[in-house]
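Student: The following block contains the structure, expressed as structure tokens.
Read the figures in this text as sums done on the coordinates, not as results from a lab. A quick note: this is a predicted structure, and the numbers were derived from the prediction, not measured. Cβ placement follows ideal geometry from the backbone for every residue including glycine, while neighbour counts extend to all protein chains displayed.
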């Protein structure tokens, strides 16, 4: 059993996006979000019954199912204020602007201080599927994006 101090903290992570075909040097933003879900791959397992073999079922791997990444309660941070890039990305796609811009990105799991990256999930060719702003209330300090869903064409985990 691992010692408690050796466990990866799931509460400290960062999100980075850069245009597909570019490099990480073409980063459009780093974001801070309170929650990240959808780091999931699922295989479609197909069952085949063999004739004459009634006590067994053969299972074969089918297509991979990719879940959308779900980022909640956060934003990309620009130089001096909130960065509107995510809203522009969604609006351009919905208004039919061509070519549709896709983004690659990664989610880094950091140590408690944020100095060391323990693991990285990288996704490719992402598109925004949903973008929800906060409910504005003068009594609370809500942030710019309540939820962002990104559908993508590939997910992989890299251990640093």
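Student: Can you put 152, 106, 48 in order of Cβ neighbours within 10 angstrom, beginning with the fewest?
Tutor: With the fewest neighbours first, 152, 106, 48 line up as 48, 106, 152.
Student: Express in % the proportion of alpha carbon pairs of segment 4-159 at distances exceeding 28 Å.
Tutor: 32
Student: Neighbouring Cβ atoms within 10 Å as the yardstick, rank 109, 70, 159 fewest first.
Tutor: Ascending Cβ contact count within 10 Å gives the list 159, 70, 109.
Student: What order do you get for 38-47, 131-140 when each peptide is scored by the mean count of other beta carbon atoms within 10 Å, highest first?
Tutor: The densest-packed peptide leads the list: 38-47, 131-140.
Student: When a footprinting reagent is the concern and you count Cβ atoms within 10 Å, what order do 118, 18 take, fewest first?
Tutor: 118, 18
Student: Hey, another quick one. If the chain between residue 45 and residue 158 were fully stretched, how many nm would it gain, using 0.36 nm times the residue separation less the Cα-Cα distance?
Tutor: Value of the extension gain: 38.2 nm.
Student: How high is the relative contact order of segment 4-159, given as a whole-number percent (alpha carbon pairs under 8 Å, six or more residues apart)?
Tutor: The value is 26 percent.
Student: Need one number: nm distance between label points at residue 92 and residue 72, each 7 Å from Cα along Cα→Cβ, rounded to one decimal.
Tutor: Going from the residue 92 label point to the residue 72 one covers 2.9 nm.
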